[in-house]
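Trainee: Below is a structure I'd like to ask you about.
The values are calculated or read from the model by the stated rules, or taken from the named source; none is laboratory data. Just so we're clear, the structure is a prediction, and the values are computed from it rather than from any experiment. Cβ placement follows ideal geometry from the backbone for every residue including glycine, while neighbour counts extend to all protein chains displayed. Heads up: the accessible areas ignore ligands, DNA and RNA and are worked out on the full protein's heavy atoms, side chains in. Shrake-Rupley method; radii C 1.70, N 1.55, O 1.52, S 1.80 Å.
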Amino acid sequence: GSDEEGGAGSDADQDAKYEASQKEREKMYLSSCTEEEWQRYGALRASKLDNQTAKQLIAQVSDLPAASLSKQLVFTITGVAKMLVGELVDEARIARHEWNDDAARPLQPRHVQEGYRRMLRAGKVPECARPRPRFRR
(Lines give C-alpha, C1' and ligand atoms only; values in the text may rest on other atoms or scores of the structure.)
Protein backbone atom coordinates (compact mmCIF):
# COMPACT_ATOMS: atom_id res chain seq x y z
CA GLY A 1 0.00 0.00 0.00
CA SER A 2 1.11 3.42 1.06
CA ASP A 3 4.55 2.28 2.30
CA GLU A 4 5.39 1.07 -1.21
CA GLU A 5 4.22 4.36 -2.72
CA GLY A 6 6.33 6.34 -0.26
CA GLY A 7 9.32 4.09 -1.01
CA ALA A 8 8.86 4.55 -4.74
CA GLY A 9 8.56 8.29 -4.26
CA SER A 10 11.78 8.45 -2.27
CA ASP A 11 13.53 6.29 -4.89
CA ALA A 12 12.32 8.69 -7.57
CA ASP A 13 13.52 11.63 -5.48
CA GLN A 14 16.92 10.00 -5.02
CA ASP A 15 17.12 9.27 -8.74
CA ALA A 16 16.26 12.87 -9.56
CA LYS A 17 18.85 14.19 -7.09
CA TYR A 18 21.47 11.85 -8.52
CA GLU A 19 20.66 12.93 -12.10
CA ALA A 20 20.86 16.60 -11.09
CA SER A 21 24.21 16.12 -9.34
CA GLN A 22 25.58 14.21 -12.34
CA LYS A 23 24.49 16.96 -14.73
CA GLU A 24 26.04 19.61 -12.48
CA ARG A 25 29.30 17.64 -12.25
CA GLU A 26 29.40 17.17 -16.02
CA LYS A 27 28.66 20.87 -16.58
CA MET A 28 31.48 21.86 -14.20
CA TYR A 29 33.90 19.44 -15.86
CA LEU A 30 33.03 20.53 -19.38
CA SER A 31 33.35 24.23 -18.56
CA SER A 32 37.04 23.63 -17.86
CA CYS A 33 37.67 21.74 -21.12
CA THR A 34 39.47 23.08 -24.14
CA GLU A 35 37.73 22.89 -27.51
CA GLU A 36 39.81 19.83 -28.45
CA GLU A 37 38.93 18.07 -25.17
CA TRP A 38 35.27 18.92 -25.71
CA GLN A 39 35.37 17.35 -29.19
CA ARG A 40 37.10 14.24 -27.85
CA TYR A 41 34.54 13.97 -25.06
CA GLY A 42 31.71 14.19 -27.60
CA ALA A 43 33.34 11.52 -29.77
CA LEU A 44 33.76 9.26 -26.75
CA ARG A 45 30.13 9.70 -25.73
CA ALA A 46 28.96 8.99 -29.28
CA SER A 47 31.19 5.95 -29.80
CA LYS A 48 29.63 2.55 -29.38
CA LEU A 49 30.99 -0.96 -29.43
CA ASP A 50 28.90 -3.47 -31.34
CA ASN A 51 26.97 -5.44 -28.70
CA GLN A 52 26.97 -8.73 -30.60
CA THR A 53 30.72 -8.59 -31.21
CA ALA A 54 31.34 -7.58 -27.59
CA LYS A 55 29.14 -10.42 -26.36
CA GLN A 56 31.04 -12.95 -28.48
CA LEU A 57 34.39 -11.64 -27.25
CA ILE A 58 33.29 -11.69 -23.60
CA ALA A 59 32.00 -15.24 -24.03
CA GLN A 60 35.26 -16.33 -25.63
CA VAL A 61 37.44 -14.77 -22.93
CA SER A 62 35.28 -15.95 -20.02
CA ASP A 63 34.49 -19.46 -21.33
CA LEU A 64 30.80 -18.73 -20.78
CA PRO A 65 28.08 -19.34 -23.37
CA ALA A 66 27.14 -16.08 -25.09
CA ALA A 67 23.46 -16.78 -24.41
CA SER A 68 24.12 -16.64 -20.66
CA LEU A 69 25.49 -13.07 -20.77
CA SER A 70 22.91 -10.47 -19.78
CA LYS A 71 22.47 -7.18 -21.62
CA GLN A 72 23.45 -5.35 -18.42
CA LEU A 73 26.72 -7.28 -18.17
CA VAL A 74 27.63 -6.63 -21.80
CA PHE A 75 26.69 -2.94 -21.39
CA THR A 76 28.86 -2.64 -18.26
CA ILE A 77 31.88 -4.37 -19.78
CA THR A 78 31.69 -2.30 -22.99
CA GLY A 79 31.46 0.85 -20.85
CA VAL A 80 34.58 -0.15 -18.92
CA ALA A 81 36.30 -0.93 -22.22
CA LYS A 82 35.49 2.57 -23.50
CA MET A 83 36.93 4.07 -20.32
CA LEU A 84 40.08 1.96 -20.67
CA VAL A 85 40.58 3.00 -24.29
CA GLY A 86 40.00 6.65 -23.38
CA GLU A 87 42.62 6.51 -20.66
CA LEU A 88 45.04 4.66 -22.93
CA VAL A 89 44.65 7.35 -25.59
CA ASP A 90 45.23 10.07 -22.98
CA GLU A 91 48.43 8.37 -21.81
CA ALA A 92 49.57 7.94 -25.42
CA ARG A 93 48.94 11.63 -26.11
CA ILE A 94 50.96 12.58 -23.02
CA ALA A 95 53.86 10.39 -24.21
CA ARG A 96 53.68 11.96 -27.69
CA HIS A 97 53.81 15.43 -26.12
CA GLU A 98 56.70 14.54 -23.80
CA TRP A 99 58.65 13.14 -26.74
CA ASN A 100 58.00 16.35 -28.72
CA ASP A 101 56.39 14.40 -31.56
CA ASP A 102 54.13 16.29 -33.96
CA ALA A 103 50.68 16.58 -32.36
CA ALA A 104 49.11 17.16 -35.78
CA ARG A 105 49.99 13.60 -36.80
CA PRO A 106 47.99 10.60 -35.58
CA LEU A 107 49.17 8.65 -32.57
CA GLN A 108 51.75 6.05 -33.51
CA PRO A 109 51.95 2.49 -32.17
CA ARG A 110 54.93 3.47 -30.01
CA HIS A 111 52.83 6.16 -28.29
CA VAL A 112 50.08 3.63 -27.54
CA GLN A 113 52.63 1.07 -26.33
CA GLU A 114 54.16 3.68 -24.01
CA GLY A 115 50.71 4.63 -22.74
CA TYR A 116 49.98 0.99 -21.98
CA ARG A 117 53.36 0.56 -20.26
CA ARG A 118 52.61 3.59 -18.06
CA MET A 119 49.17 2.26 -17.20
CA LEU A 120 50.72 -1.10 -16.27
CA ARG A 121 53.31 0.61 -14.07
CA ALA A 122 50.57 2.62 -12.35
CA GLY A 123 48.50 -0.53 -11.75
CA LYS A 124 45.63 0.70 -13.94
CA VAL A 125 45.57 -2.49 -16.02
CA PRO A 126 46.31 -6.01 -14.82
CA GLU A 127 49.48 -7.75 -15.82
CA CYS A 128 48.96 -10.82 -17.95
CA ALA A 129 51.21 -13.66 -18.93
CA ARG A 130 53.40 -13.02 -21.91
CA PRO A 131 51.86 -14.46 -25.07
CA ARG A 132 53.62 -17.48 -26.49
CA PRO A 133 55.49 -16.93 -29.75
CA ARG A 134 53.33 -17.78 -32.74
CA PHE A 135 56.16 -19.24 -34.77
CA ARG A 136 59.00 -21.39 -33.55
CA ARG A 137 62.13 -22.31 -35.40
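Trainee: Which residue out of 102, 90 is within 18 Å of residue 36 (Cα to Cα), charged (D, E, K, R) and modelled with pLDDT of 95 or more?
Mentor: Residue meeting the stated conditions: 102.
Trainee: Another one. Please specify each residue of the range 68-100 satisfying the condition of being open to solvent by 40 Å² or more (accessible area, probe 1.4 Å) and part of a loop (DSSP other than H, G, I, E, B).
Mentor: The answer is 70, 99, 100.
Trainee: Could I ask something else about it? Looking only at residues that are in contact with a Leu (Cβ under 7 Å, 6 or more places away or on another chain) and in a helix (DSSP H, G or I) in the range 101-128, which one is most open to solvent (accessible area, probe 1.4 Å)?
Mentor: Across the range 101-128, the extreme among qualifying residues is 116.
Trainee: Starting from the range 57-72, keep only residues that are without any contact (Cβ under 8 Å) to a residue 12 or more places away in the chain, then list their pairs with residues that are surrounded by 10 or more Cβ atoms within 10 Å (Cβ to Cβ) and charged (D, E, K, R) whose Cβ atoms are within a distance under 7 Å, requiring at least 6 positions of separation or different chains.
Mentor: The qualifying pairs are 66/55.
Trainee: How many of the residues in the range 27-47 are open to solvent by 90 Å² or more (accessible area, probe 1.4 Å), closer than 15 Å to residue 80 by Cα and modelled with pLDDT of 85 or more?
Mentor: 0
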